[in-house]
Amino acid sequence: MDRATADIGLIDTDAVKERLILFRAKGQYSNGHEFFTALPEDIRRMKTVAIEAAQLYLVQGYYIRAARVCADTARPLFGETPQDDDSSKSEEIWDEDSVCLELIRAYTDISHRCKLKAAVSIASRVYDIWLTPRDSQESTVTSSKEGEKLHNIFAQYYTLSGNSFDHGEREITISQSRILIEFYYHKIMVVAGEQGLLDQDMTTASAVKRLAVLQAFTESRERLREARYLLYFRISLLGNDPAVEHVLRGFLYRLRGVGLEIEKALTLVDLAGWQMKSGKADVIALSESNLREATGIFERTGHKFGVFDIEDLRITHSQELSPNELFLKKQELGEKYFSVDCYQNGIRCWAFSVTPVVSMGDCRDGILKSIQRTQEKVDEVGGELLKQLVFVHSVSAAILHAPEYGYALRSLKSYITDSPPEIAPKNYGLIHLCLQQAYASLGDYATSLNYAEKAFTIFCKGTSYIDKSDAAFQLAFAQSLCRDQYSLGSQEELSWLESSITLLVEWIAKDKEQGYNKGEQEKCLYLAGLEDLKAQFHNDVNAASRAEQWFKRAHQPPLGDQDPIMLNSVAEIQVREKIRNGEFDEAIAMAHSAFTACQTNPFTPLIHTAQSANRIATTLHLQVRTRYQHETQRSMQEDTENFKQILSAAKWAYSALELYRSTKGAEVIVACTNYIWSILEDIITFSDQIGEELLRAFIIELEKTEEFCDSVRRGFVFTGNIQSLMGKRQVVSRKEHLQLYLAGAKACLRLKESSSAWVWIQKGKARGLSDAFGFRALIPDYIMDVIKKDKKILDMYERERRSAMAALHASPEGYIGAARKAETDRDEMVKIPILAQVVALREGAFDIGLDASELARSLQASNISKDQVKYIDWFIPEARNGDIVLFVRQLDHTTHVRSLPLTLQTVENWIRKSLYFPEGADPPLSKKTGNRLLAEMDGLVDGLKDLTAPDDLLVLSPTGPLNSIPLHGLKVDGRVLVDRNLIIYSSSVAVFRHCLIRANDRLTKAAEERKTRFLAVYEEPSPTARRESLEISRNVDMLASRLPGKVIKGSSVTKDEFRKQSEEAGWIHYHGHAHYAKDDVLKSSLVLSDGTDISSISDFEELPFGAGRSEMTVSDIFDISMMDNGPHFTIIACESGMQDIAAGDEPLGLIPAFLYAGATSILGCLWPVDSSAGRIFSEKFYRNLKNAVAGPQPGELVAGSIINLAWALREAVREMIEKRNIETRQPYYWAPFVLHGSWFHIY
């Protein structure tokens, strides 16, 4: 006998098992782990020992250790599917310990690796062998060894069931492993039911029935420790069944005098928990007696966390703790559990303490910390299923907090794209519902509906009726939201209403049939609201009565007073009904009553209290408006009363806003602020003086809300790709956010504070693009020099950069936590002035003045005085017939305002008749009347004669449809603006500043020879195109003689070549085709060659469509890196300057793409320019470049020369405008050329 075998013989394995059981019973997990790991390896690998060790780790919640024990002890008996089974293991399937360990392994793998389907497959095969009732005679007909084993298995099954079985003279023994086989079989099936893989009701009922049989057997054999864990599993499935109390009391009776103190204490705690649910004082008093007795036992026996379980019960059932206090108590309790290594209970306390009624505002830091630490603990114990649950929980919390919409959305999309190999069906459905909610919050109702449909499909594949019904409700909700895309009362809006109503009616009937009362009530309430909308806006004479019927049905059975969310929905419907009937006084009384109910109920979520306050405001306000619509004559007293009432409405709206702010994350903060503005506009009609006082107070609130909007925008972190920019555009283009900036501008204009009004206009412009620029912003040397001089500041700067990069590369599960860390570091940065400047550059600086060093250096370099620079902007009111307002902003912040004699409607009519024309027709601006036609828009620059001077540098920032108009071609004092002034365009001042910083960066670098490239490609298979290609070729050869550079032509101008030159050259001229894709602007492109030389092909008809072509799309350009070389681009091509302008003046097209990629300036074309006109312009532009050199050697083009691009552009257009130039004097030929970015370039 070898030494190892001798050592094993000296160890009492039964004693080892008993000690492991005792460690588990007392919750002494660390001691149990130390004991087990100290055992000899061969003892640890004994199956009976491994079974106890694995169970210790499972109860602890340390799944990775349980999985390791199973893996170290034996190879799996079964594969994940029957086809994967190992035939060499066929003998072990008859061994109880082997099968027990196999089921423990499968159950562990559910938690550890989410192997749910595999576990069910394995459990089903075990069931077929061990747990299927068979006819006793069938098993006696064979004399084989297998037959004997089957006979014994069937004998055990019937013995456990209390039935007689003919087993001859053999003694039938039921081992603990045999009991555990059934225990873990039902554990697996119940989890599968909970996750929607199996029918939850059937698996639960089957488990409850069989567990009762097993418990009865173990109790009859005085195996009460086994009976205890069977009991615990059984009562957890019985829920609120009244039988629970009887079962628990019966088991306590069995425990009398047997010495199982811990089992008694645990059962006392279970009984107390049941008693606390009753809500009856006398029964609750009994529960306290039971808890005191249990506490004494736990303390005597040294149980590690029994007293924590008791504390958890008291906290959970407390009637005195508010939701926030309950959350904090649960957090503290979680810490206590972790202090004794009870991971399962600690994770449960932390992960599920965040409920909808907890105020995100008051507890935000605690909530975020809780979620992050829970994720860390779950990773530590190796619980993939828990990890998925916690992920769903964390993104659900983030979706409730508007500044974290972006975090949640990115996490969810990444998770769906690269989901775990195995994901629980229910979790998968919940993730899709989270995506539905996230997109709904962003106003993207089509995508929201798409995910609602996917979630519904996922849940319908499962077997849980409640999951299906709830998913159907969310789908109906998503359908109803789609109506918000259309005007109230429209046919399109009605169509979506009808779709939602039809679905709700169908599932209300199903809920009634299935006895799902809660689902039926929720759907009835929502349906009543939809029918009410039909009654109000669609003249449906029967809708009101249907609404009332659904409303009454929602109260059967009565809702009671413990569901504040549903009660708030009831109040909304009741108030709306009274308003519809013109019973405003009753509606106001109901609204006040609902607010009081919200205030007095500690379980009312803060956001619902805010909604009830806002309901009072809207009802008061609507009553006044209704009076003024229907009353033509009013007494002074009536006017006074109306004025008081509208002031009261404002007061309540402000109260609602404060409550919304207290949530620290409710998106409705923005809508409430906008609503206050609408009230103030009405108040001003009563009294300008009082209105002005309120306006100044309102602007303070407006600034707070704007900070909130900024935080929402920051949540959508730009990641350096076009998709993230599109996400930014979606956020900043939201109607509610744009209305906020509009309100700021209008309020400041009313107060005659034109400078502040201009800043509000800029805040609402191109925020998405400026954020994209900020992602790769150059930090000016003068700022970095200051940062580097202070180690503390430099450390903070570097720390924030590291945390931002960590967030960019974080996993879906870790992204929310990493993004929060980056946001925290960013918040610390803004407290230090020099670092606040860095943040401002990244996030958009909305003003620019003499204090901006980059501007001062730019002016000095190009010989332009500070007084010559004016920023020109336009404000377009909401009303189509309201006058457009012109802003002229100077560098000293002086701002002039001029109301213009043009309206939005006039501008839009002009655009339709001037810029849109049938294919093949002559463009209106190319005709002899072109200049007169363009002059109709001269009113847009009315006032510039007095507010600017000739030769001033004007930075034009068009708004909305003005982006389509050649503003530089309008006349001021009889002169075309581009002839009178130096002109550049910019989407916003933030984008303008980034371009200046890049241009200045070239100023600071040593003068060196920079590459100049001329690219000419016109690869069209036609004789006309071939002739034009030759003309373009000659043209670029001539241009290269004026600005020395390399010419690349025809088939050599491929995408790879274009990218290479863009990343190396300092000046790039392209002449060819550009394609503007109106339906998908990301597909707009420059047409290049695919490398095929088609110039020598004579028979063009043999060429397939698109032969010789490739396209450099907007998406492709975004991926080019030009930050190091910062080139200037001249693009002579059709529509190269056309942009898709989304709400919020968000531009997207070739020009924004080149500027984002790193270009300092770009000269493009507003519309399909005639190629010959393009050649003429190019010749004149390049001829004037030499005279546009401002320094260091004026008139000489050398390395480091500063070229005034705006001057060269002006001179070229001047020549084209001259009357003697018949070919180009109409606007269609000279007006399309526009310069964006910096007005100068370093050669």
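The values are calculated or read from the model by the stated rules, or taken from the named source; none is laboratory data. These figures come from a predicted structure and were not determined experimentally. Neighbour counts run over all protein chains shown; Cβ positions are idealised from the backbone, glycine included. Protein only, heavy atoms only, side chains kept; ligands, DNA and RNA dropped before computing areas. Shrake-Rupley method; radii C 1.70, N 1.55, O 1.52, S 1.80 Å.
None of 457, 463 is surrounded by fewer than 18 Cβ atoms within 10 Å (Cβ to Cβ) and of a type in the set (Val, Ile, Thr) except 457.
Condition (residue is modelled with pLDDT of 95 or more and open to solvent by less than 30 Å² (accessible area, probe 1.4 Å)) applied to the range 624-635: is it met by at least one residue? Scanning the range 624-635, I find no residue that is modelled with pLDDT of 95 or more and open to solvent by less than 30 Å² (accessible area, probe 1.4 Å), so the answer is no.
Listed here are the residues, each with its yes/no results for (1) open to solvent by less than 10 Å² (accessible area, probe 1.4 Å); (2) farther than 28 Å from residue 1030 by Cα; (3) among the β-branched types (Val, Ile, Thr).
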site	(1), (2), (3)
1162	yes, no, yes
1167	no, no, no
1196	no, yes, no
1204	no, yes, no
1215	no, no, no
1222	no, no, yes
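In the range 1129-1144, the count of residues that are touching a Lys or Arg at 6+ places or on another chain (Cβ under 7 Å), at positive phi and assigned to a loop (DSSP other than H, G, I, E, B) is one or more. Residues in the range 485-503 that are farther than 22 Å from residue 455 by Cα and in a helix (DSSP H, G or I): 485, 491, 492, 493, 494, 495.
Inspect the range 818-835 for any residue being open to solvent by less than 10 Å² (accessible area, probe 1.4 Å), under 21 Å from residue 406 (Cβ atoms) and of a type outside the set (Phe, Trp, Tyr) and give the result as yes or no. So far as the range 818-835 goes, yes, one or more of its residues are open to solvent by less than 10 Å² (accessible area, probe 1.4 Å), under 21 Å from residue 406 (Cβ atoms) and of a type outside the set (Phe, Trp, Tyr). Filtering 842, 799 for residues that are assigned to a helix (DSSP H, G or I), within 19 Å of residue 727 (Cα to Cα) and open to solvent by 40 Å² or more (accessible area, probe 1.4 Å) leaves a single hit, 842.
Any idea which residue in the range 271-286 is least open to solvent (accessible area, probe 1.4 Å), counting only those that are assigned to a loop (DSSP other than H, G, I, E, B) and on the phi < 0 side of the Ramachandran plot?
Residues of the range 271-286 assigned to a loop (DSSP other than H, G, I, E, B): 278-280.
Retained after the next criterion (residues that are on the phi < 0 side of the Ramachandran plot): 278, 280.
On the way: 278: 52, 280: 122 Å².
Taking the candidates together, the pick is 278.
Among the residues of the range 230-270, count how many are open to solvent by 40 Å² or more (accessible area, probe 1.4 Å), under 22 Å from residue 194 (Cβ atoms) and outside any helix (DSSP H, G or I). Residues flagged as open to solvent by 40 Å² or more (accessible area, probe 1.4 Å), under 22 Å from residue 194 (Cβ atoms) and outside any helix (DSSP H, G or I) within the range 230-270 amount to 2. In the set (1) assigned to a helix (DSSP H, G or I); (2) modelled with pLDDT of 90 or more, residue 772 fails one condition alone, (2).
Check 993, 1027 and return the single one that is modelled with pLDDT under 85, assigned to a helix (DSSP H, G or I) and not polar (S, T, N, Q). Spell out the reasoning first.
Working: 993 fails: modelled with pLDDT under 85.
None of the others qualify; the one that does is 1027.
Counting only residues that are open to solvent by less than 70 Å² (accessible area, probe 1.4 Å), at pLDDT 60 or above and in a loop (DSSP other than H, G, I, E, B), which one in the range 163-187 is nearest to residue 216 (Cα to Cα)?
Within the range 163-187, the subset open to solvent by less than 70 Å² (accessible area, probe 1.4 Å) is 165, 167-168, 172, 174-187.
Still in the running and at pLDDT 60 or above: 172, 174-187.
Now drop any that are not in a loop (DSSP other than H, G, I, E, B), which leaves 172, 174-175.
Values: 172: 17, 174: 13, 175: 15 Å.
Across the range 163-187, the extreme among qualifying residues is 174.
Only one of the listed residues (415, 405, 439, 451) is touching a Pro at 6+ places or on another chain (Cβ under 6 Å) and buried (at least 22 other Cβ atoms within 10 Å of the Cβ). That residue is 415. Contact annotation: residue pairs with Cβ atoms under 6 Å, 6 or more positions apart or on different chains, pairing a residue in the range 14-33 that is under 18 Å from residue 344 (Cα atoms) with a partner that is aromatic (Phe, Trp, Tyr), are 27/305; 31/23; 32/23.
Residues 338, 391: which one is in a helix (DSSP H, G or I), at pLDDT 90 or above and closer than 30 Å to residue 422 by Cβ? Give the derivation first.
Values: 391 fails: at pLDDT 90 or above.
That would be 338, the only listed residue that is in a helix (DSSP H, G or I), at pLDDT 90 or above and closer than 30 Å to residue 422 by Cβ.
Taking the stated definitions as given, is residue 1199 at negative phi and assigned to a helix (DSSP H, G or I)? Taking the combined requirement at face value, the residue does not satisfy it.
Kindly indicate whether any position in the range 921-939 is among the acidic types (Asp, Glu) and without any contact (Cβ under 8 Å) to a residue 12 or more places away in the chain.
Kept after step one, since they are among the acidic types (Asp, Glu), are these residues of the range 921-939: 922, 936, 938.
Still in the list and also without any contact (Cβ under 8 Å) to a residue 12 or more places away in the chain: 922.
Looking for residues that are among the acidic types (Asp, Glu) and without any contact (Cβ under 8 Å) to a residue 12 or more places away in the chain, one finds at least one in the range 921-939, hence yes.
Residues in the range 1069-1087 that are in a strand (DSSP E or B) and in contact with a helix residue (DSSP H, G or I) (Cβ under 6 Å, 6 or more places away or on another chain): 1071 alone.
Screening the candidates 1219, 1180 for the property of being part of a helix (DSSP H, G or I), out of contact with any strand residue (DSSP E or B) (no Cβ under 7 Å at 6 or more places or on another chain) and not hydroxyl-bearing (Ser, Thr, Tyr) yields one hit, 1180. Hey, does the range 765-779 have a residue that's over 22 Å from residue 855 (Cβ atoms) and either open to solvent by less than 20 Å² (accessible area, probe 1.4 Å) or over 27 Å from the mean Cα position of the chain (by Cα) (or both)? So far as the range 765-779 goes, yes, one or more of its residues are over 22 Å from residue 855 (Cβ atoms) and either open to solvent by less than 20 Å² (accessible area, probe 1.4 Å) or over 27 Å from the mean Cα position of the chain (by Cα) (or both). Tallying residues that are outside any helix (DSSP H, G or I) and either modelled with pLDDT of 90 or more or under 25 Å from residue 990 (Cα atoms) (or both) within the range 810-839 yields 3. Among the residues of the range 898-909, those that are open to solvent by 60 Å² or more (accessible area, probe 1.4 Å) and outside any helix (DSSP H, G or I) comprise 898, 899, 901. If you go through the range 864-890 one residue at a time, how many are surrounded by 14 or more Cβ atoms within 10 Å (Cβ to Cβ) and polar (S, T, N, Q)? Counting residues in the range 864-890 that are surrounded by 14 or more Cβ atoms within 10 Å (Cβ to Cβ) and polar (S, T, N, Q) gives 2. If the condition is being assigned to a helix (DSSP H, G or I) and either touching a Leu at 6+ places or on another chain (Cβ under 8 Å) or of a type in the set (D, E, K, R) (or both), then the range 615-649 contributes 615, 625, 627, 638, 639, 641, 644, 645, 646, 648, 649. Based on this model, can you work out whether residue 573 counts as of a type in the set (A, V, I, L, M, F, W, C) and touching a Ser or Thr at 6+ places or on another chain (Cβ under 8 Å)? When the stated conditions are applied, residue 573 does not pass them.
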